[in-house]
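The values are calculated or read from the model by the stated rules, or taken from the named source; none is laboratory data. What you see is a predicted model, and the numbers here were worked out from it, not measured in a lab. Every residue, glycine as well, gets a Cβ built from its backbone with ideal geometry; the counts of neighbours run over all protein chains shown.
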Amino acid sequence: MGAALTGAGTIDLLGVGLDGSVVLGECKLRANPEIRRAVVGQLFAYASALWGMPLAEFERSVSGRLGRPLVDIAAEQAGSDAWDPAAAELLGLSL
């Protein structure tokens, strides 16, 4: 799903794991070194915006895009209504 971040643009792909991990994806049509650098730069900008974002704001943004609460979707996927997003680490970075 695409998600808008204030001041950082729109993330092409945003995944949220049941453990609270966040995966960012950026799609481009051309493959060359300049595009790769631009994509990495965009991903760092998105990660930076997410890093400073309060959890409640992140949940509102994602839930609004999904049309229903992120917590409800995560609880369904986990098979339990006891999923607690506050207990999860929100963002790690791997390149």
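Suppose we keep only residues that are assigned to a loop (DSSP other than H, G, I, E, B) and modelled with pLDDT of 80 or more within the stretch 11-46. Which one would you say is surrounded by the fewest Cβ atoms within 10 Å (Cβ to Cβ)? Top of the filtered list is Cys27.
Identify the residue in the stretch 46-62 that is of a type in the set (Gly, Ala, Ser) and under 12 Å from the mean Cα position of the chain (by Cα) and, among all such residues, is farthest from Cys27 (Cα to Cα). Result: Ser61. Considering only residues in the stretch 47-67 that are in a loop (DSSP other than H, G, I, E, B) and exposed (fewer than 12 other Cβ atoms within 10 Å of the Cβ), the one that is modelled with the lowest pLDDT turns out to be Gly52.
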